[in-house]
Amino acid sequence: MKKIFVLSTILITFLGCKKDPALEGNKPKLTFKSVSTEDVPADLKMLTFTFQLQDADGDTESAMFVNDIRFEDETKFDEVFMPALESHKGTKIDAEVVLYVSDLGDDVRMRLRDGRDPDLVPNPDTLQYRVFIVDNAGNSSDTLTLPKVAIHR
């Protein structure tokens, strides 16, 4: 009876310590969670995209790479920095990451309304991004195509 109890305890211990399959391997995992709105009225100046970032070895770089599909250049990705992410280096990362897209201030990297002549742009305009994250070893997350968002001028 004691042998059965010990074996079942050991078996339960091994099953309980099973690795999270989502975090196996070396590449970071980026998952789209939500967008603050898919229809931006003219008076709204900020939009947010929320993601879940997971990295088993914690070596994710402190930048997200973003391609603005409006400009039809699929090879140009802008770096958008994620402050303080490097402080988690070497530890498992499971964090919520927010990408801000805004017309507030000149220091915002991703512009909500892109500065094109409003007479030449349809109203509403459509904004859509492709995003990915890279770790220090060069492993890339999957590239995500975010939902289209209508931007009214």
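Compactness check for segment 22-151: Cα Rg over 2.2 N^0.38 Å is 1.11. Once the C-beta distance of Asn123 and Thr91 is scaled by a Förster radius of 30 Å, the resulting FRET efficiency is 0.05 to the nearest 0.05.
Any read-out appearing in this document is the output of simple, stated calculations on the displayed coordinates, not a laboratory observation. Just so it is clear, the structure is predicted and the values come from calculations on it, not from any experiment. Backbone-built Cβ (ideal geometry, glycine too); neighbour counts: all protein chains shown.
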